[in-house]
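Before any comments, here is the structure.
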Amino acid sequence: MHPRSAPSRWRGGPVFCLSYGNVDAIVGTGPRADGTMDGQIQQAEAAPARRSAQATDWLGVLQRTRPALLRGMTDQAMAAMLSEARIQQFRKPLTLLRQGEPAEWGYLILRGRIEVSYIDINGNRVLAHLAQPGEVLGEVEQFSGRTCAANCTTLRDTTVMLFDAGLILRYLPADLLMRNFAGIFHDRLTRDNRQHSVAMFYDAEDRIRIHLLSMTTPDTPEVALSQADLAGFAGCSRQTVNKTLSQLRADGVVEMGRGAIRILDRDRLQAARPGGEQILLDEAATGPHMPKV
């Protein structure tokens, strides 16, 4: 059954996941036309990806992003952890984690973004979250042994650190890890509650504006996102997204490129429109984990 697009309004609001996981980047599920396995990086792409990863100061990236999972870990411990960890770069979109399958790895995003989606029993697909640098996916499955709650697909030029439970426990005391998990769950519950409110009480245009604000910051004003994906997040038709973006572009609030949207005037995007609801993003939604890397 092929997934269908989400309807303009979800009954009871959208589905949001507390955790995700699995690994198609490491183990393929079937041959492709070029002879490689699905989820397997071709040799021509893998070598330059490794060189790029080796040349990047990933410790500096972790120091800037301060991932919630690693809070309390010393710089020395992070450096030692990175020396053991595998860094993987994906130039093209690739499904790393599959709903309902075991989580062989957890993933910490160092650069780029990962789209999290959920497919229900009838094949309806919901875009649940766009994970940013500093966020982790599959960590709960790593420690619980449960199967994955959602699918995770990289966007273009995304780099991740692969980890398992043993790697984290070698460099982070159990009491700090428990506190960090609690913080992650609190942030996700806050986001879940907020997004249910947005889905139930805001008009389509305001939902589009809110999602654009939550996916960007003043320091990272551009998001790589298609109009179809934005429609999926906002729970409306692509035609509604096109109409809203066209008006925002005419007003000088946004500009659009190929597969990307840039916010030009954040204050005007956040200002309440005539007849619309007040748009107020909480701290978790505005993305302290979304630094420029």
ask   = Take the residues of segment 247-273 that are over 14 Å from Ile210 (Cα atoms) and among the hydrophobic types (A, V, I, L, M, F, W, C): which is surrounded by the fewest Cβ atoms within 10 Å (Cβ to Cβ)?
value = Ala250
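Matching residues to (1) under 22 Å from Gly235 (Cβ atoms); (2) crowded, with 23+ Cβ neighbours inside 10 Å; (3) modelled with pLDDT of 90 or more; (4) of a type in the set (Lys, Arg):
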| site | (1), (2), (3), (4) |
| --- | --- |
| Tyr107 | no, yes, yes, no |
| Ile119 | yes, no, yes, no |
| Ala128 | yes, yes, no, no |
| Pro133 | no, yes, yes, no |
| Ser144 | no, no, yes, no |
| Cys152 | yes, yes, yes, no |
key: Members of segment 219-235 found to be surrounded by fewer than 22 Cβ atoms within 10 Å (Cβ to Cβ) and touching a helix residue (DSSP H, G or I) at 6+ places or on another chain (Cβ under 6 Å), listed by number   = Gln227, Ala228
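The values are calculated or read from the model by the stated rules, or taken from the named source; none is laboratory data. Values in this document were obtained by computation on a predicted structure and should not be read as measured data. Using ideal geometry, Cβ is built from the backbone for each residue, glycine included, and neighbour counts are taken over all protein chains shown.
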